[in-house]
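The structure under discussion appears below in the form of structure tokens.
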Amino acid sequence: HPVKHEGFVPWPADVALRYTEAGCWRGRPLGSSMWDWSDAWGGRTAVVDGEQRLSYRELAASADALAEALADRGLTDGDTVLVQLPNCWEFVVVTLACFRLGVAPVMMLPPHRAYELASIGTHVDAKALVVPDEWRGYDHQDLAHRVAGTLPGDPLVLVVGDTVRPGGVDVRALLRPDGDTAARRGRLDASAPGATDAALFLLSGGTTGLPKVIGRTHNDYEYNIRQSAAACGITAETVYLAVLPAGHNYPLASPGILGTLSAGGRVVLLPSPRPEAVFEAIEREGVTTTSAVPAIALKWAEAAAGCGRDLSTLRHVHVGGSVLSPELAARIGPALGCRVQQVYGMAEGLICYTAPDAPDEVAHGTQGAPISAYDELLVVGPDGAPVGPGEIGELLTRGPYTPRGYYGVPDQNALSYTPDGWYRTGDQVRITPGGHVVVCGRVKDLINRGGEKIAAGEIETLVQEMPQVAEVAAVPAPDPDVGERVCLFVRVHEGHTLALEDVAAALTERGLAAFKIPERLEILADLPHTPVGKPDKKVLRNLLVTTIVR
Ligand code: J2J
């Protein structure tokens, strides 16, 4: 099979051959893996969402039913669909149905709005949108129809929920595994996509205003899942609680939902990380493993004492996505009665874990080691030359599950990847003598708000459109709760004023997700500049930690 998604950047042929010969890439699409899991674990419970429970066999049969129904409605191998669902059992069925057909889901997040859906949808030429009917008081059907109306090719609106309005397709009605399951399985096997094709698209935290999506192949994602499950000791006894938004690489495949399913474990889906709901789910389902960003893990740690729930089944909490200090890391395990495993990962590929049984100095003081012997890590200085052992520099990486470029943005790829195919992580790290990565800082221009990445450039572009604004810079403001929040520094045009509420109103009007809306505004008579005339963000960041902080 050729790579059908135009704009997808493949690995060089010799490298691909090496990964195949090494056994990293198995040459099978993820939809086949789904049936492997079903054949191995058939009657066991695969997915739990409240009262809803699906066995492995039901999961595979439902995904096949939906796949065939979507094919009947015109979706085909090589298409893309925007998937914007909260953590629910249908998310898993939809994702697997897409894998089965070779239709690549683009993993959107529930807080995304018209701006994100339309720009990404245009970029990937989406053929359908999958949304909840409503979620947290917001009408996603309406949003999806509005966005679909602006996209070329009249994409389908697929709706998960009880009240599907005319014009939308009722997903639940399509995924009932009626009829001859075996025959359907055979038909879908016969038209399965190629393993070197894009299986799914993940969103990048990104640093520019451009939508950046990462195409992950069946081959590379299956390896990512397999190695992650192995590195974390996931087995058929694992009960994994997914509370982070399932469209993130981390809860999806590090090892997360797919890693747990690959090992025969049970996935419990919860759409909220609220401590009470999480503790209740842990007790009810006997959860052994879950994952969180530091801000959430710390909330759980605070709330655990006297919560009145039995958390004794919990063995491991994965913590990653943003910086965690050794002091805070040391609190989480004792508070929750489990071990902490740190995770340093990225939707672009590379994933590192501390081992499930790592000693405290590793589990608390490092972000772990890569999952593959074929991962290449290079730490370079500002001149691009490798630094000495143990020294701090920017991490570059290549490997069997780190694609060689973003989808369809060659200019951006020339900046984010070296000519030799190394991905510039934008993270500053050092590597310990034991081979563990320690994240020390960041050179990329983004705000990490409790693990959600916000591209400074995206915010600046939109704020710059406001008539009051002469110049703007978005920088991270340190925050005790979520780590960082978006702070805007603005110079206004003469005679104008600007308030934070004005910015919030303008960006909301543009259809930007609420979590990206700036939470602090500082008006300056002039912005400090670098020698090349760009706002000097180092100076601005320092202003926030020194003089301005109240
Ligand atoms: C500091 N910064 C971290 C950590 C990620 C597993 C886990 C996380 C992600 C993720 C992921 C960090 N300490 N432990 O995809 O599969 C920051 C870095 C990194 C960026 C990637 C996974 N873990 N980070 O967070 O694509 O800056 O992936 O480059 O959202 O998060 O962000 P993202």
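For segment 468-480, state whether one or more residues are in contact with a His (Cβ under 7 Å, 6 or more places away or on another chain), assigned to a loop (DSSP other than H, G, I, E, B) and of a type outside the set (A, V, I, L, M). Yes, because at least one residue in segment 468-480 is in contact with a His (Cβ under 7 Å, 6 or more places away or on another chain), assigned to a loop (DSSP other than H, G, I, E, B) and of a type outside the set (A, V, I, L, M).
Select from segment 364-381 the residues that are part of a strand (DSSP E or B) and of a type in the set (Val, Ile, Thr) and write down the one among them that is surrounded by the most Cβ atoms within 10 Å (Cβ to Cβ). Among residues in segment 364-381 that are part of a strand (DSSP E or B) and of a type in the set (Val, Ile, Thr), the one surrounded by the most Cβ atoms within 10 Å (Cβ to Cβ) is Val379.
Note on segment 234-313: no enclosed helices (runs of 4 or more DSSP H) hold 3 or more residues that are at pLDDT below 95 and away from the ligand (no atom under 16 Å from the Cβ).
Kindly indicate whether any position in segment 493-507 is within 16 Å of the ligand (Cβ to nearest atom) and either farther than 30 Å from Thr20 by Cα or crowded, with 22+ Cβ neighbours inside 10 Å (or both). No, segment 493-507 has no match at all.
When the residues of segment 120-154 are filtered to those that are touching an Asp or Glu at 6+ places or on another chain (Cβ under 9 Å) and part of a loop (DSSP other than H, G, I, E, B), the one that is farthest from Val213 (Cα to Cα) is Asp133.
Of all the criteria given as (1) of a type in the set (A, V, I, L, M, F, W, C); (2) modelled with pLDDT under 95; (3) under 17 Å from Cys352 (Cβ atoms), the one not satisfied by Leu210 is (3). In this entry, Tyr417 is excluded by the filter for residues that are crowded, with 22+ Cβ neighbours inside 10 Å, over 26 Å from Pro273 (Cα atoms) and of a type in the set (Phe, Trp, Tyr). Of the residues making up segment 328-351, those that are assigned to a strand (DSSP E or B) and either touching a residue at least 60 places away in the same chain (Cβ under 8 Å) or near the ligand (Cβ under 10 Å from one of its atoms) (or both) are Gln341, Gln342, Val343, Tyr344, Gly345, Met346, Gly349, Leu350, Ile351. When segment 101-118 is limited to residues that are hydrophobic (A, V, I, L, M, F, W, C) and part of a loop (DSSP other than H, G, I, E, B), the one that is surrounded by the fewest Cβ atoms within 10 Å (Cβ to Cβ) turns out to be Leu109.
For segment 316-327, the tally of residues that are more than 10 Å from the ligand (Cβ to nearest atom) and either buried (at least 22 other Cβ atoms within 10 Å of the Cβ) or part of a strand (DSSP E or B) (or both) stands at 2.
What about Asp502, is it among the charged types (D, E, K, R) and over 25 Å from the mean Cα position of the chain (by Cα)? Taking the combined requirement at face value, the residue satisfies it. Report yes if some residue within segment 59-68 is at positive phi and at pLDDT 95 or above; otherwise report no. Scanning segment 59-68, I find no residue that is at positive phi and at pLDDT 95 or above, so the answer is no. Scanning segment 399-429 for residues that are within 22 Å of Ala385 (Cα to Cα) and within 13 Å of the ligand (Cβ to nearest atom) yields a count of 9.
Look at (1) touching a His at 6+ places or on another chain (Cβ under 9 Å); (2) without any contact (Cβ under 8 Å) to a residue 24 or more places away in the chain; (3) in a helix (DSSP H, G or I) and you find that Glu361 fails only one, number (1). Across segment 125-140, which residue is farthest from Arg165 (Cα to Cα) among those that are surrounded by 24 or more Cβ atoms within 10 Å (Cβ to Cβ) and out of contact with any helix residue (DSSP H, G or I) (no Cβ under 7 Å at 6 or more places or on another chain)? The qualifying residue farthest from Arg165 (Cα to Cα) is Ala126.
Let's see how each residue does on (1) over 20 Å from Arg28 (Cβ atoms); (2) more than 22 Å from the chain's Cα centre (by Cα); (3) surrounded by 24 or more Cβ atoms within 10 Å (Cβ to Cβ):
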| site | (1), (2), (3) |
| --- | --- |
| Arg53 | yes, yes, no |
| Glu58 | yes, yes, no |
| Thr80 | yes, no, yes |
| Phe99 | no, no, yes |
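Every condition in (1) touching a strand residue (DSSP E or B) at 6+ places or on another chain (Cβ under 6 Å); (2) in contact (Cβ under 8 Å) with a residue 40 or more places away in the chain; (3) within 16 Å of the ligand (Cβ to nearest atom) is met by Val463 except one, and the failing one is (3).
The values are calculated or read from the model by the stated rules, or taken from the named source; none is laboratory data. Since the model is a prediction, treat every value here as computed from it, not as a measurement. Note that each Cβ is placed from the backbone with ideal geometry, even for glycine, and that neighbours are counted across all protein chains shown.
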